[in-house]
Every structure is written in structure tokens, then in C-alpha cells.
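So the structure is just underneath, and the comments pick up after that.
The values are calculated or read from the model by the stated rules, or taken from the named source; none is laboratory data. If you're wondering where the values come from, they're calculated on a predicted model, not measured in any experiment. Here the Cβ positions follow ideal geometry from the backbone for every residue, glycine too, while neighbour counts run over all protein chains shown.
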Amino acid sequence: MTISTLTFQTNALAQMEALETAMSQTQSQLSTGKKLQRASDNPAAMAQVNALNAQLSASQQQVSNGNAVTSLLQLEQNALNNATTALQSARDLAVEANNSDLNTTERQGIVAQLQQLQQSLLAAANSRDAGGNYLFGGTASTAPPFVQGGGAVSYVGNDQVNQVQIGPDQSVSVGDAGSSVFMNLPTGNGTFTTAAAAGNTGSASIDPGTVTNQAAWVPDTYTVAFTSPTQYQVTNGAGAVVTAGNYVSGDAITFNGAQVTVSGTPAAGDRFTVAPAGSGSVFSAINSLITTLSSTTLSSSQVATQLGGALQQIDTGLNNLGNVQAGVGGRLNAVTAAATSAQTTQTNIQTSVSHLSDVDYAAAVTQLSGQELALQAAQESYASMAKLSLFNYLS
């Protein structure tokens, strides 16, 4: 096959231009440290890099979310600690106040302290974050979730809590609604409440009671009535006698899976009620203490009964605060674990991206040297071949 001089020159120049282009690309990779500088360099690899970078960005955002959640949960934990301290102090004062030897001035001193503790508890419940948002208002976080009217405190927030993603398939609550922290607590022992009738004339009091057999418990309003200082009978809401017996101070009275203990000396006609539990709050527990200790008409036995009920309510509140704190701690641990996992994931992604897009300097330098030698050989070969002509062979 005959190759014309023009064809030879065209092909040779094209080959040298290709080698120069390859050398220029290799030099650019060495200077930038990147072997993927445009999608056309390696479309498949570039698609992988883009997908990995998207995963990296999502992981970094999730870590950022976790940091924000951690800050909010730590603020909530601090508020819960303050609330627990106030409620525990109120409990200590209730125990101190349950002493018939205290005079009116001493009880009023305790009342003043309880009023201050109620304000401290209210302040903890209305705690805010650095942005001024209320921690316990649910998603209604721009206004105080707890408002006080007289001695009563009500909740005006909502029960919804924002969820924030901290991992590929993991989200956590950024807080707790105040209704589940401070409100909606079962009164009494959680199943029933006890109370002394206002007209009792004896010195007997009743404890909060316990449920000894949940299966046997029949919700109803029961009355423990004393027909004499040594005889009692228990009737249900319909007036039917459930049980009766001889009374001994401090002995348990049991019926329908429930057990209550009456202590002291009752008078004939004294009555105590056992009714299904309702709901209350930590605020109502303290307010009950304040009301009881401020009264000048209650007998010592009635005071003892009401203080016992308030103590039971405070204990329920303390247990609930402890459970909420445990939940906050669990979420903090989850955020920490997610951040640790994210760091490992990000390192792996960055390694994969580097493998796909970064230059292997040793290989690139070797490649550049080979390209230089190839170009030099092509140039020398072209120069040598260009000198040849038919006249060189006809002399």
C-alpha cells in the first residue's frame, strides 16, 4: 500500500499532538493532585465520586444535627436537675411539717419555703435555650408553656416534639413535652387515693395504701366507716358491705386486692374514702402541701392524712422526673454513638473518594516520563522519515 507524503505527515502530527495532550493532562494532574478534573476524564468514576460526596455531606449534616441536639438535651438535663432539687426539698419540708408539735409560726415558715420552691419549680419548667425557645413547650416553644393562676399551674404548650435525624436511619427527640414531665401524673398510689372525711372527730389518719392484687382490684369509691373506735366496715359505692372487722391501730385493712392502714384512735362515725386515682401534677402536689399547712381548721389526723397523700404525689413526680432524665441520658448516648459511627463512615468515604479522584504521584511521574520518551521518539522518528525522498535513491 502506497502512503503519500501528506498522509504520513498528517498521521505523524496527529500522534504527536495526542502525546502532547496526554502529557499536558498528566502534568495538570500532578500540579493539582487530582486525576479527575472533569466528568469526561472518567464518567463512571466521577459518578461514583459525586454519589460518595453526597453521602459525606449528609453524614456531616447529621453530625451537625447531633451537636445541636446534644446542646438542647444538656439544657433539658440541667432543668430537670433543678426541678428534682426543688421537688426533693419540698418533700423534705413535708416530712418536717408532719409533726404535731410544730406551732403556727413554724408551719407558716415552711409554707413560705414551699411557695419559693414552687416558683423555682415553675422557673425550671419554663426553662429556655440560647435562642429563647422554651424547652418543655413541645413544638409551641415561643411562649411560656406553664402559666400560674392563683395557686394552680396549667400547661398551655402542646404534646408534639420535633424529631431530628442523627444517622442514616436514626432520629431522636430534641426534648420532652412538659405535659409528660410535670403534668398528667397519677394521684395517690397510682391506682387509688385515700382521704379523711372533713367531719372526723377522732385522731386517726389513713395512709396512701397499696394494691396487693391488681387482678382482684375493683375500681370504685369505697368508704371505711367506724361504727365504734374498735369496729369498722368497708362499703362500696352502692353501699354494700365489702368487709368488716375489729380495728387495731396500724393493722392493715384489706379488701378487693387493696390494702390501707389506719393509725390512731378513730371516733364512732369517722369515715375515710378510697377512690380511683385521677391525675395531678408536681405543682398541685406542692400546692396541696401549702393548702394543708395553711389551714387553721384541720385536725392533726386530717393534716397527717393529707400530708401523706401529698408525699405520695411528690414521690410519683420524683420518679417521673427520674425516668425522663434516664430517657434524656439515653438519647445523649445515642447521639454520641451516632457521631462515632459517622466519623468512621466519613473516613471510609473520604478514602474511597481519594482513591477515585486523587493522583498516585509515583504512577503519574512514571507515566509522564514514559509520555516524554514516546513524544521524543515520535519527534525524532518524524524528523528522520521526513528527510527521505526518491532522489536519495537515484544518485
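Laid out as a table, the results:
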quantity: Where Ala268 falls short, out of the listed (1) in contact with an Asp or Glu (Cβ under 9 Å, 6 or more places away or on another chain); (2) at pLDDT 75 or above; calculated: (1)
quantity: Contacts under 6 angstrom Cβ, first residue in the stretch 315-338 being in the same structural domain as Ala68 (by TED's automatic domain parsing), partner surrounded by fewer than 20 Cβ atoms within 10 Å (Cβ to Cβ) and part of a helix (DSSP H, G or I), 6 or more apart; calculated: Leu321/Thr84; Val328/Gln77; Val335/Thr70
quantity: Test: residue in the stretch 29-46 that is modelled with pLDDT under 90, in contact with a Leu (Cβ under 8 Å, 6 or more places away or on another chain) and loosely packed, with under 15 Cβ neighbours inside 10 Å; calculated: no
quantity: Selection from the stretch 205-246 of residues that are touching a Phe, Trp or Tyr at 6+ places or on another chain (Cβ under 6 Å) and crowded, with 19+ Cβ neighbours inside 10 Å; calculated: Ile206, Val224, Phe226, Tyr232, Val234
quantity: Number of the exception - Gly280 against (1) over 19 Å from Ala94 (Cβ atoms); (2) surrounded by 14 or more Cβ atoms within 10 Å (Cβ to Cβ); calculated: (1)
quantity: Single condition Gln312 does not satisfy, out of (1) modelled with pLDDT of 95 or more; (2) within 18 Å of Thr210 (Cβ to Cβ); calculated: (1)
quantity: For Ser295: the one exception among (1) modelled with pLDDT under 85; (2) surrounded by fewer than 17 Cβ atoms within 10 Å (Cβ to Cβ); calculated: (1)
quantity: Pairs with Cβ under 7 Å, 6+ apart, first in the stretch 227-241 and polar (S, T, N, Q), second surrounded by fewer than 12 Cβ atoms within 10 Å (Cβ to Cβ); calculated: Thr230/Asn246; Gln231/Asn246; Gln233/Val241; Thr235/Val241
quantity: Checking Val274 against (1) in contact with a helix residue (DSSP H, G or I) (Cβ under 8 Å, 6 or more places away or on another chain); (2) surrounded by 22 or more Cβ atoms within 10 Å (Cβ to Cβ), the condition it does not meet; calculated: (1)
quantity: Scope the stretch 194-227; condition modelled with pLDDT under 95, touching a Pro at 6+ places or on another chain (Cβ under 9 Å) and not in a loop (DSSP other than H, G, I, E, B); matching residues; calculated: Thr194
quantity: Residue list for the stretch 134-175, restricted to those being over 20 Å from the mean Cα position of the chain (by Cα) and either within 30 Å of Gln55 (Cα to Cα) or of a type in the set (S, T, N, Q) (or both); calculated: Gln148, Ser154
quantity: Residue within the stretch 69-77 that is closer than 19 Å to Gly308 by Cα, assigned to a helix (DSSP H, G or I), within 29 Å of the chain's Cα centre (by Cα) and not hydrophobic (A, V, I, L, M, F, W, C) present; calculated: no
quantity: Residue count for the stretch 105-139, restricted to those that are in contact with a Ser or Thr (Cβ under 7 Å, 6 or more places away or on another chain) and within 17 Å of Thr296 (Cβ to Cβ); calculated: 1
quantity: Segments classed as strands (runs of 3 or more DSSP E), wholly inside the stretch 89-172, with at least 2 members that are β-branched (Val, Ile, Thr) and at pLDDT below 95; calculated: 163-167
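Residue-by-condition table, conditions (1) surrounded by fewer than 20 Cβ atoms within 10 Å (Cβ to Cβ); (2) free of Cβ contacts under 8 Å to residues at least 40 places away in the same chain; (3) farther than 30 Å from Ala225 by Cα; (4) in the same structural domain as Val262 (by TED's automatic domain parsing):
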{"site": "Gly137", "(1), (2), (3), (4)": "no, no, yes, no"}
{"site": "Ala143", "(1), (2), (3), (4)": "yes, yes, yes, no"}
{"site": "Ala152", "(1), (2), (3), (4)": "yes, no, yes, no"}
{"site": "Val161", "(1), (2), (3), (4)": "yes, yes, yes, no"}
{"site": "Gln170", "(1), (2), (3), (4)": "yes, no, yes, no"}
{"site": "Phe182", "(1), (2), (3), (4)": "no, no, yes, no"}
{"site": "Ala197", "(1), (2), (3), (4)": "yes, no, no, yes"}
{"site": "Asn200", "(1), (2), (3), (4)": "no, no, no, yes"}
